[in-house]
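What follows is a set of notes on a single structure, which appears directly below.
The values are calculated or read from the model by the stated rules, or taken from the named source; none is laboratory data. Not measured: the values here are computed from a predicted model. Here Cβ is always computed from backbone atoms with ideal geometry, including for glycine, and neighbour counts include all displayed protein chains.
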Amino acid sequence: MTDTSNKPAWTTTDAEELYAIKTWSAGFFGVNDEGHMAVRPVPGSDLEIDITEVIDAAVAEGCTFPLILRFQDIISARVRRLNQTFQEAIAEADYKGEYRTIYPIKVNQLHEVVAEVMEAGKPFNIGLECGSRAELMASLALIGDDTMLLCNGVKDHSSLTLILNAQQLGQQVLPVIEKYTEFDQLLILADQRGLDKERAPHLGVRVKLSTRGSGRWFESGGSSSKFGLTVPELVKLVGELEERGTTDTLELLHFHLGSQIADTQVLRSAVKEIAQFYADLHERGIKVKFLDVGGGLGVNYGGSYGGEYEDVDSSINYGLTEYANVIVFAVKEICEQRNVPMPTLLSESGRAITAHHSMLVMPVIGVHRPDAPPMRDMPPKPPVVVKRMVAAYKEAQKVDARGALTEVIHDAIDAHQEAEQLARLGYLHIEFLAHVESLYWNIAREVLRKFQALEMDPIPVEQTDLEAQLTDLYLADFSVFQSILDHWAIGQVFPVMPLDRLDEEPNRRGQVVDLTCDSDGKIDQYVSSHLNKSWLPMHEYRPDEPYYLGVFLVGAYQEILGDAHNLLGRVGEAHIYASADEPGNFWIEETIKAISIKDMLSTVQYFPSDLDRRMTELIRRKIEAGVVKPAEGMRILNNYNKRLEDTTYCDTDMVKRAE
Ligand SMILES: *Cc1c(COP(=O)(O)O)cnc(C)c1O
């Protein structure tokens, strides 16, 4: 990344390659001619929106940072793409049945998101899935008569009652039995209501397969999974329905392998396993209609599929087409072999529908550079350890070969450690220690520069260590724990990159750190084409000009998993639609304010009226004691109260000295 004059000029294409945009953007994101990040939310159209213009427009509407930008068109594009892909697979396989998407709302429950999914899914008969009582209650009001709703998760007596009520109203709501007791409870409730055979509750069953998932969430499947009926339980349930003469109420078989299935082999094996059970039930006269393959359709968060620095679980090795083909062909094959009708196929794809549509925008508010200022003249009679560092410094200027450079950096590290030890024991004066430190950073930078010029592959450990040591910390206005919790919790990688200046070569190594007082509050894995993924190529920060970073693909799970570490709360949002008739090709449909300090504090039982009362009392005492004048006291109190209305994040303006 050094500036050699015979290198071709940096272009925006270089930026696209450096941040490996093609690997994760699913065609939605790219760099425009001005070096800004741009979005093309409508596939098949060349409508392009400059993301920096959206930021400016959102700020003009009163949005604060950090800010979620929601490109609503991307949601509908993903819904259409998923359904069209399955339709193509069905046509190609000559599959005698349909496919429907079931959107699991736990992935992103925001009303606007669910509404957008349902609207785009109307032509495809899309359904919803809920996994808790709160989700059930939200969904019941949204679905009307036409939308299928599957109820997974633990269902207590009141959930089952809500579901039965919905079935009585004629809504298409199916409880998916996860535990045998749920089935027992459901029958008791139905009997108590005196529901006869014709009105018996309809249901589905989640089956524990012997096929286990792979990747991070593999525990969701397999026989040790906490959900689903075992095969003996399924057989017992069927027997009970036969005794009651209500076998037509069993409508659906379901499995779920866990999110982000890494490999389609596992999926194929699970689909075949459940298709055999389906065929067995049909032969026994139980005409199950739906085969539900659960979630797990993966999203590529960037990078490739292996290598020393790669996060394999954040990548998948298949696309939508392969996913659909695996399911459609496997079910068809078994239904033909067993001579049973082909079921309607369902997939509960959440991540694949919502991940791409939202991004987080956060301004950089400062940079910390590991460095030391140059020192003035050396005091007389430096001790041996200082002389060693001076010698290493001179050597670093002279040598260029890998071996000699490695020796220099080892010497410098050794002298540095020794100097620190001596200083701790009182044998090295602070002034000499300052010289040692300053020389050390000089040597480190020089050696790293020369290592990089050698372009070694693989990169030697000494170089990787120096890169880590000489990486700038870019402090950004956000919290990992609120906005990308999975990065902290399970090491999920998200694409992060500057949104501006992409026509300029980024020549700094950066690590992004957040506002929390937590050493884990940082991003430590990046998506780039560089071998070492522990830092992000970034531009020199200019304090007088905004430098925005974007975190992409945060639309699935992150927004709702977020917690309130350091009381950094929910961030603001702007919802954007593309339109060729508007300046900049977009309009902001709605903005949602970030949570205020006042509301955040209330969630942990600090109430504004009580805080105000206590502060007023404190200031009254100080005025009485003559510590501050009344006017000054009131100014301090008013400022305190006004700040309660602010967001929980930072003010990005710097204090300026009057000219
Ligand atoms: C979480 C979950 C899903 C969603 O999975 P994705 O990988 O996001 O598509 C689907 N079904 C069930 C039962 C789930 O628990």
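Worth pointing out:
- Looking only at residues of region 468-496 that are touching a Leu at 6+ places or on another chain (Cβ under 7 Å) and closer than 24 Å to D653 by Cα, we find that the one that is surrounded by the fewest Cβ atoms within 10 Å (Cβ to Cβ) is S483.
- Comparison of D414, D457 shows that the only residue that is surrounded by fewer than 21 Cβ atoms within 10 Å (Cβ to Cβ) and closer than 16 Å to V384 by Cβ is D414.
- Within region 340-377, considering residues that are over 30 Å from A574 (Cβ atoms) and in the same structural domain as K289 (by TED's automatic domain parsing), the one nearest to the ligand (Cβ to nearest atom): S347
- Screening E198, E283 for residues that are modelled with pLDDT under 95 and acidic (D, E) leaves exactly one candidate, E198.
- None of R542, R509 is modelled with pLDDT under 95 and within 24 Å of the chain's Cα centre (by Cα) except R509.
- Of residues in region 632-659 being free of Cβ contacts under 8 Å to residues at least 40 places away in the same chain and either over 29 Å from K622 (Cβ atoms) or part of a loop (DSSP other than H, G, I, E, B) (or both), the one farthest from the chain's Cα centre (by Cα): E659
- Which numbered condition Y640 misses (of (1) out of contact with any strand residue (DSSP E or B) (no Cβ under 7 Å at 6 or more places or on another chain); (2) crowded, with 17+ Cβ neighbours inside 10 Å; (3) of a type in the set (F, W, Y)): (2)
- Single unsatisfied condition, D414 versus (1) closer than 30 Å to C650 by Cβ; (2) charged (D, E, K, R); (3) not in a loop (DSSP other than H, G, I, E, B): (1)
- Answer from V238, V293 - the residue that is modelled with pLDDT of 95 or more, surrounded by 24 or more Cβ atoms within 10 Å (Cβ to Cβ) and in contact with a Leu (Cβ under 9 Å, 6 or more places away or on another chain): V293
- Residues of region 485-529 that are farther than 17 Å from T13 by Cβ and among the small types (G, A, S): A489, G491, G510, S519, G521.
- Unique match (being crowded, with 21+ Cβ neighbours inside 10 Å and under 23 Å from E462 (Cβ atoms)) among V390, V364, V408: V408
- Failed item, numbered, when P382 is tested on (1) at pLDDT below 95; (2) closer than 30 Å to V493 by Cβ: (2)
- Any hit, region 49-56, residues being under 18 Å from the mean Cα position of the chain (by Cα) and among the polar types (S, T, N, Q): no
- Residue within region 575-585 that is within 16 Å of the ligand (Cβ to nearest atom), surrounded by 20 or more Cβ atoms within 10 Å (Cβ to Cβ) and of a type in the set (S, T, N, Q) present: no
- Count of region 548-570 residues which are assigned to a loop (DSSP other than H, G, I, E, B), away from the ligand (no atom under 16 Å from the Cβ) and at pLDDT 95 or above: 1
- Tallying residues that are assigned to a strand (DSSP E or B) and either over 23 Å from G350 (Cα atoms) or aliphatic (A, V, I, L, M) (or both) within region 573-607 yields 11.
- Flag for D263 being over 22 Å from I102 (Cβ atoms) and within 16 Å of the ligand (Cβ to nearest atom): yes
- Any hit, region 147-167, residues being acidic (D, E) and either touching a Cys at 6+ places or on another chain (Cβ under 8 Å) or over 21 Å from G228 (Cβ atoms) (or both): no
- S269 being in contact (Cβ under 8 Å) with a residue 40 or more places away in the chain, assigned to a helix (DSSP H, G or I) and either assigned by TED's automatic domain parsing to the domain that holds S315 or away from the ligand (no atom under 15 Å from the Cβ) (or both): yes
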